[in-house]
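A short write-up of the structure that comes next.
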Amino acid sequence: MGVNIEIKVDRPGTDVADRVAELLAARRSDGIEQPISVSSFDEATLDRVKALDASIDIAQLLFDLSADPD
């Protein structure tokens, strides 16, 4: 079973993307192989994750403000 890690960015410039990539690399080096994807609404965060480790699957979350809830 896979896992999705959503990175929520409330302050630009934080190192959350770096820490997530480091933790996933540590899991792989410990021999833990599990499908993991990283998602975020923040494109720059996903770009940073991918730059740190191209093997990590990423997914950009979107929110349609024009959608009518009715």
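The values are calculated or read from the model by the stated rules, or taken from the named source; none is laboratory data. All figures in this text were calculated on a predicted structure; none of them were measured in a lab. Cβ atoms come from the backbone with ideal geometry, glycine included; neighbour counts cover every protein chain shown. SASA here: full protein model, heavy atoms, side chains in, ligands and nucleic acids out. Shrake-Rupley method; radii C 1.70, N 1.55, O 1.52, S 1.80 Å.
Quick notes on this one:
- Any chance V3 is in contact with a helix residue (DSSP H, G or I) (Cβ under 8 Å, 6 or more places away or on another chain) and in contact (Cβ under 8 Å) with a residue 24 or more places away in the chain: no
- A count restricted to segment 36-70 and to residues that are among the small types (G, A, S) and without any contact (Cβ under 8 Å) to a residue 12 or more places away in the chain stands at 5.
- Subset of segment 6-35 [within 22 Å of F63 (Cα to Cα), without any contact (Cβ under 8 Å) to a residue 40 or more places away in the chain and surrounded by 13 or more Cβ atoms within 10 Å (Cβ to Cβ)]: V9, V16, A17
- Residue ID - nearest to N4 (Cα to Cα), chosen from residues in segment 43-70 that are in contact with a helix residue (DSSP H, G or I) (Cβ under 9 Å, 6 or more places away or on another chain) and open to solvent by less than 60 Å² (accessible area, probe 1.4 Å): A59
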